[in-house]
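All remarks here apply to the structure that follows.
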Amino acid sequence: MWWEKKARSGGALEPKAMSGSPSPSDAETTRAEITPRTAEMPTTNQNQTVLGRSMILRGDLTGKEDLLVEGQIEGTINLPEHCVTVGASGEVKAEIHARHVVILGSVTGNISAGERIEIRKTGRVVGDLVAAGIAIEDGAFFKGSIDIVRDQEHESSHSLAAEGAYKAG
């Protein structure tokens, strides 16, 4: 823990005497030393972009990292190798193309995922879903169609077997 490191490196912890107003760096250092991290503090992935609650984005969004939307987006989101999470306060009016999509807020538009789409109980989706796996929790709102896509290998072997059965019959 932070207090053990301080005790080992410089002896016992002693409060600093403040003269006048503290400089911002002193206040930040003191706050960082006093405030231990708890499990309740939100942590984000290092390769994740967060669109905050007050942010509004109109247009096409592409990138090479995960995305957490707490604000508003209108347009298209294209992150085919990454995860898109629409937070509880997020409002998206867009086509979404990603590897994995998690919806806790509101989405109006079609969603296409390479692996999985999850609509949590606070989520609301109006649009079509296309993915290999889809999960909709009890209490979630969904209006649209669902298309489950299979692996290319599985699909091609299945079509060859069906073609062989057709010729044999």
- Got a number for residues in region 81-133 being among the β-branched types (Val, Ile, Thr) and out of contact with any strand residue (DSSP E or B) (no Cβ under 7 Å at 6 or more places or on another chain)? 1
- Query: Residues that are among the charged types (D, E, K, R) and modelled with pLDDT of 95 or more: which strands (runs of 3 or more DSSP E) entirely in region 39-150 hold 1 or more of them?
  - Reply: 56-62, 66-69, 72-86, 91-103, 111-119, 124-126, 141-143, 146-148
- Query: For the subset of region 72-81 comprising residues that are surrounded by 19 or more Cβ atoms within 10 Å (Cβ to Cβ) and not polar (S, T, N, Q), which member is nearest to Glu95 (Cα to Cα)?
  - Reply: Ile77
- Task: Scan region 132-152 and report the pairs whose first residue is over 18 Å from Ala98 (Cα atoms) and whose second residue is outside any strand (DSSP E or B) and at pLDDT below 95, with Cβ atoms within less than 7 Å and a gap of 6+ or a chain change.
- Result: none
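The values are calculated or read from the model by the stated rules, or taken from the named source; none is laboratory data. Keep in mind it's a predicted model, so treat the numbers as computed, not measured. Cβ atoms come from the backbone with ideal geometry, glycine included; neighbour counts cover every protein chain shown.
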